[in-house]
Structure formats: structure tokens, C-alpha cells
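Since the structure comes first, as C-alpha cells, the remarks are kept for the end.
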Amino acid sequence: MMRDIQQNRLDEWKAMGFHPNNCPVRQVLDHVAAKWTTLILLELEGGPQRFNALGRALPDVSKRMLTQSLRNLERDGLVNREVFGTKPPSVAYGLTDLGASFLAPLHAMISWADEKFPSINAARTKFDME
């Protein structure tokens, strides 16, 4: 049944002329499924944070990648950038309502991954041994 629903949706998209390059789902998932996006959104779940605080919370991300990820999230309307008129200027990033609405499906995906990781890890081990 679920496969039929998914196939019907795929057929509808194809009939509407969607191609992998202009598919709306792919357009969204390309950003929200990126390596750092999930971690950034989870960091911002607790409230707005300044750039350097995000960098400290995610020490493996380069400043360039953090900047690009935040720009993509801002462009997609998931993150808001607020500039303060201090000397030097400071910037804080926070979730928009749209960004906050993504947290429920994100947490569901995280729960699924956490629950299924032992099975995935076992499958990887089996595959690598063959």
C-alpha cells in the first residue's frame, strides 16, 4: 500500500513535468539533508545563537561551511539572521516558524536512525565481509 502511494506521487510529479533537477522535494532535501544542517537546526532549537557559539558547539565544521550552511538555511526560510548594531556588529541566528516546523519530522528521523542503527551497522559489517 505504501509503495503504491509513493509510486502514485512519483507518477504525479513526472506528469507535472518534474525532473530530478527541478523536483521540489529534492530542492528541499538537498539542503535539509546536508551534513551540517541537522546539527545546526538542533543547536538552534534551544534558541538563537551567535555564529561563534554555533562554531564552538560544532567544532568539526569549518567557518566557511558553517557560513554556507547558515546562508542556505536562511535562503530557504528556515533560519533568521539578526544583526545587532554593536561595535563590532554581532549576528545571531534563530529558527523561523518554518524552521521550527521542521523539528518534528527531524526528531522522528533521528529516533528512527537511533533505533535502527544496530541493524544498519550489522548489515554494513555483513556486506563488508562478503
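The value for segment 63-130 of Rg(Cα) / (2.2 N^0.38 Å) is 1.70. Using a Gaussian network model of the chain in which every pair of alpha carbons under 10 angstrom is joined by a spring, one finds that among His19, His107, His31 the greatest mean-square fluctuation is at His19.
Surface composition of segment 34-129: carbon plus sulfur atoms contribute 56% of the solvent-accessible area (1.4 Å probe, protein chains only, all chains present). Once the mean of 1/r is taken over each pair of separate Cα atoms and inverted, the chain shows a Kirkwood hydrodynamic radius of 17.3 Å. Solvent-accessible surface of the chain, taken per residue with a 1.4 Å probe and all protein chains present: 74 Å². Along segment 123-129 the Karplus relation, 6.51 cos²θ - 1.76 cosθ + 1.60 evaluated at θ = phi - 60°, assigns HN-Hα couplings of 5, 5, 4, 4, 4, 5, 7 Hz to successive residues, with x for each Gly and Pro. Approximating the spin labels as points 7 Å out from Cα along Cα→Cβ, the Leu42-to-Glu115 distance works out to 1.7 nm.
The values are calculated or read from the model by the stated rules, or taken from the named source; none is laboratory data. This structure is a prediction, so every number in the text was calculated from the model and none was measured. Backbone-built Cβ (ideal geometry, glycine too); neighbour counts: all protein chains shown. Each accessible area value is taken on the protein alone, full model and side chains, heavy atoms only, with ligands, DNA and RNA left out. Shrake-Rupley method; radii C 1.70, N 1.55, O 1.52, S 1.80 Å.
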